[in-house]
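These notes are about the structure you will find just below.
The values are calculated or read from the model by the stated rules, or taken from the named source; none is laboratory data. Computed from a predicted model, the values in this text were never measured in an experiment. Quick reminder, even Gly has a Cβ in these numbers, built from the backbone with ideal geometry, and neighbours come from all protein chains shown.
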Amino acid sequence: MSSARARSARVMSRATRDPWLARWLPLVAERAMGLPVLELGCGGGRDSAVLAAAGHRVVGVDLSAAAVERARQRVPSAEFHCQDIRAPFPVERAGVVVASLSLHYFPWPETEALVERIGRLLEPAGVLLCRLNSTNDHHFGASGHLRIEDDYYLVDGEPKRFFGRAAVDRLFSSGWRMLSVEERTINRYDLPKAAWEVVLEKGP
């Protein structure tokens, strides 16, 4: 096995506990258009590694300096920025944006504004792949915490929003075509996590 293939195999092995991106890699390849894939809330680079192993140039953003440092060590070929995802994006255009478990921390108007900005960034027919906390995510804060507003709670000192299907539809009601929406279980944590997996195409 070549060194490049060996690295790719190791990356995919590390992602097996949460292989959500694997089935979308053909779509990512089709829509990336040779532009960077922007990852909002890249964390320690788990998904960045999968995207880079598939041959994409990855630009990741995360608020945590420690997470960004781990991502840089994990995926040296990628570019990472330590910043709030609501700040100006570090790329001017993209064919694909990935936002896994990163869009649910903000008041509703700010969440809508962020989604609108993602739409403006994307090329025509570009895609957004995102995951959102589900209102069924009781292991990770969907119940038993201080309520800020409907389905928005203070969880361990951090605001978190939880989405039902109607809220998912509402968030992407303007300027998007929904390619896929499923409530799925994530098994990479000590307890199962319920989340919406949503894939959208920029509309006309």
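Tabulated values for the structure
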{"item": "Residue satisfying condition, being in contact (Cβ under 8 Å) with a residue 60 or more places away in the chain and among the hydroxyl-bearing types (Ser, Thr, Tyr), within set Ser134, Ser143", "result": "Ser134"}
{"item": "From the options Pro107, Pro26, residue that is closer than 26 Å to Glu149 by Cβ and surrounded by fewer than 16 Cβ atoms within 10 Å (Cβ to Cβ)", "result": "Pro107"}
{"item": "Unmet requirement for Phe106, which otherwise passes all of (1) within 25 Å of Thr185 (Cα to Cα); (2) touching a residue at least 60 places away in the same chain (Cβ under 8 Å)", "result": "(2)"}
{"item": "Where a residue in the stretch 27-47 is on the phi < 0 side of the Ramachandran plot and its partner, wherever it lies, is in a loop (DSSP other than H, G, I, E, B) and of a type in the set (Val, Ile, Thr), with Cβ under 7 Å and at least six apart", "result": "Pro36/Val91; Leu38/Val91; Leu40/Ile85"}
{"item": "Leading residue by the ranking (surrounded by the fewest Cβ atoms within 10 Å (Cβ to Cβ)) among those in the stretch 57-84 that are in contact with a helix residue (DSSP H, G or I) (Cβ under 7 Å, 6 or more places away or on another chain) and of a type outside the set (D, E, K, R)", "result": "Ser77"}
{"item": "Asp18 over 20 Å from Leu121 (Cα atoms), at pLDDT below 95 and touching a strand residue (DSSP E or B) at 6+ places or on another chain (Cβ under 7 Å)", "result": "yes"}
